[in-house]
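S.K.: One structure, as structure tokens, below. Some questions next.
The values are calculated or read from the model by the stated rules, or taken from the named source; none is laboratory data. Please read all numbers here as calculations on a predicted model, not as lab measurements. Using ideal geometry, Cβ is built from the backbone for each residue, glycine included, and neighbour counts are taken over all protein chains shown. In case anyone asks, the SASA skips ligands and DNA or RNA and just uses the protein heavy atoms, side chains included. Shrake-Rupley method; radii C 1.70, N 1.55, O 1.52, S 1.80 Å.
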Amino acid sequence: MTALIAYCISLLARRLSTATSAQKLGQLEPAVKHRTLSYLDFKGRDLFIVGDVHGCFDEAMELIDIVKKKNNKKFVTIFVGDMVNKGPKNIEMLDFIMKNKDIHCIRGNHEQAVLRSALKYRSGEKESNPKWANSWAKHLSNGQFEFLRNLPYTISIPILNIIIVHGGLHPHYPLNLQDEHNMLHMRSLSWVKDDFHGQKLVATSRHEGTLWAQCWQGTEHVYFGHDAVKKLQIESNCTGLDTGCLYGGKLTGVLLKIPENITAPLRHFDLPREFYSVDAKEAYIPVD
Ligand SMILES: [Mn+2]
């Protein structure tokens, strides 16, 4: 009888702990998963979309300065996720993106990793994944935590026919049905057997199969990051901007020259664009 009661209690405890961790992850959901920018959000300015910074704050400042010096027109900057973590100046980078109103950001897998670590530290749990050097998450203020938590998975700009996502998009699903893990992590697509002896296209973060950007057939042009190994990816309707600054590569951004007074949605390839990059000051960490 005692053994039975003990067994029931252990079952209950296990269920409660599963519920608690699911609840905890639920605490990381942004208020808006898919953000839309309207023309008024950047009217009269250009758009500068920047790849993975990973706390390489000095290089980010240098890149933005170069664009400022070369162009008289002001611009709005959009970061494609992984603005922080693993790099040398995470707090400086976080302060910069939080304080500047001309900056928009989306969530990368590293913002997600920092949020998960912060939750663990806050609940007194031991951080079991220190390899990502997330220890700075211990010191996040409530404001910093909320800023990161509210980073959307995507930003869409319908008038320019553009979507910005960190990892990628599965070509078979509309935006609102995209898997959240895939949006942060995916790099490739592979066909695998499904339960009905057919084939299904599965997203993976591994470097295998076909690059997802080569399979994208959506009408929108997608800007993304997350694939430092492949560096700059220029496909017909996708552009990958992670050129591995953290690993001693470059930090890259693309300036979209926005015409004055747009009255109807533009085709992305009608927009003139210029690529800019700066060299990393050092290889901050070796490639995984
Ligand atoms: Mn990433």
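S.K.: Considering only the range 70-88, how many residues are touching a Lys or Arg at 6+ places or on another chain (Cβ under 6 Å) and among the hydrophobic types (A, V, I, L, M, F, W, C)?
M.R.: 2
S.K.: If a residue has to be touching a Cys at 6+ places or on another chain (Cβ under 6 Å) and within 16 Å of the ligand (Cβ to nearest atom) to count, how many in the range 188-218 make the cut?
M.R.: As a first pass, look at the range 188-218 and keep what is touching a Cys at 6+ places or on another chain (Cβ under 6 Å): 189, 213, 216.
In the following step, the residues that additionally are within 16 Å of the ligand (Cβ to nearest atom) were identified as 213.
The qualifying residues number 1.
S.K.: Among (1) surrounded by fewer than 15 Cβ atoms within 10 Å (Cβ to Cβ); (2) within 19 Å of the chain's Cα centre (by Cα); (3) more than 26 Å from TYR276 (Cα to Cα); (4) away from the ligand (no atom under 16 Å from the Cβ), there is one condition ILE234 misses while meeting the rest; what is its number?
M.R.: Looking at each condition in turn, ILE234 falls short on (3).
S.K.: Sticking with this structure for a sec: Please count how many residues of the range 47-71 are within 15 Å of the ligand (Cβ to nearest atom) and either without any contact (Cβ under 8 Å) to a residue 60 or more places away in the chain or at positive phi (or both).
M.R.: The initial filter retains those residues of the range 47-71 that are within 15 Å of the ligand (Cβ to nearest atom), namely 50-56.
From the residues that got through so far, the ones that are either without any contact (Cβ under 8 Å) to a residue 60 or more places away in the chain or at positive phi (or both) too are 54-55.
Of the residues in that region, 2 qualify.
S.K.: Restricting attention to the range 72-101, and to residues there that are open to solvent by 10 Å² or more (accessible area, probe 1.4 Å) and charged (D, E, K, R), which single residue is farthest from the ligand (Cβ to nearest atom)?
M.R.: Of all residues in the range 72-101, those open to solvent by 10 Å² or more (accessible area, probe 1.4 Å) come to 72-75, 86-92, 95-96, 98-101.
From what is left, the residues that are charged (D, E, K, R) are 73-74, 86, 89, 92, 95, 99, 101.
Values: LYS73: 30, LYS74: 29, LYS86: 10, LYS89: 18, GLU92: 19, ASP95: 21, LYS99: 23, LYS101: 25 Å.
If we take residues in the range 72-101 being open to solvent by 10 Å² or more (accessible area, probe 1.4 Å) and charged (D, E, K, R), then LYS73 is farthest from the ligand (Cβ to nearest atom).
S.K.: Now for a different question. Confirm whether VAL254 is assigned to a strand (DSSP E or B), more than 18 Å from ARG107 (Cα to Cα), touching a Lys or Arg at 6+ places or on another chain (Cβ under 7 Å) and open to solvent by less than 10 Å² (accessible area, probe 1.4 Å).
M.R.: Details: assigned to a strand (DSSP E or B): yes; more than 18 Å from ARG107 (Cα to Cα): yes; touching a Lys or Arg at 6+ places or on another chain (Cβ under 7 Å): yes; open to solvent by less than 10 Å² (accessible area, probe 1.4 Å): yes.
Yes; evaluated as a whole, the condition is true for this residue.
S.K.: Something else now. Of the residues VAL192, VAL202, only one is without any contact (Cβ under 8 Å) to a residue 12 or more places away in the chain and of a type outside the set (D, E, K, R); which? Spell out the reasoning first.
M.R.: Values: VAL202 fails: without any contact (Cβ under 8 Å) to a residue 12 or more places away in the chain.
VAL192 is the lone residue from the list that is without any contact (Cβ under 8 Å) to a residue 12 or more places away in the chain and of a type outside the set (D, E, K, R).
S.K.: Could you list, in sequence order, all residues of the range 25-56 that are under 24 Å from HIS185 (Cβ atoms) and open to solvent by 30 Å² or more (accessible area, probe 1.4 Å)?
M.R.: Within the range 25-56, LEU25, GLY26, GLN27, GLU29, ALA31, VAL32, LYS33, HIS34, ARG35, THR36 meet the criteria.
S.K.: For residues that are within 14 Å of the ligand (Cβ to nearest atom), within 13 Å of ALA213 (Cβ to Cβ) and open to solvent by less than 20 Å² (accessible area, probe 1.4 Å), scanning just the range 167-187, find the one that is farthest from the chain's Cα centre (by Cα).
M.R.: Checking each candidate, the answer is MET186.
S.K.: Further question on the same structure: Scan the range 116-123 and tell me whether some residue there is within 16 Å of the ligand (Cβ to nearest atom), in contact (Cβ under 8 Å) with a residue 60 or more places away in the chain and open to solvent by less than 30 Å² (accessible area, probe 1.4 Å).
M.R.: Kept after step one, since they are within 16 Å of the ligand (Cβ to nearest atom), are these residues of the range 116-123: 116-117.
Cutting the leftovers down to in contact (Cβ under 8 Å) with a residue 60 or more places away in the chain gives us 116.
Next, from what is left, pick out any that are open to solvent by less than 30 Å² (accessible area, probe 1.4 Å): none.
Looking for residues that are within 16 Å of the ligand (Cβ to nearest atom), in contact (Cβ under 8 Å) with a residue 60 or more places away in the chain and open to solvent by less than 30 Å² (accessible area, probe 1.4 Å), one finds none in the range 116-123, hence no.
S.K.: What are the pairs with Cβ atoms under 7 angstrom where one residue, in the range 275-288, is of a type in the set (Val, Ile, Thr) and the other, located anywhere, is open to solvent by less than 50 Å² (accessible area, probe 1.4 Å) and at pLDDT 95 or above? Sequence gap at least six, or different chains.
M.R.: VAL278/GLU59; VAL278/LEU63; VAL278/LEU251; ILE285/LEU246
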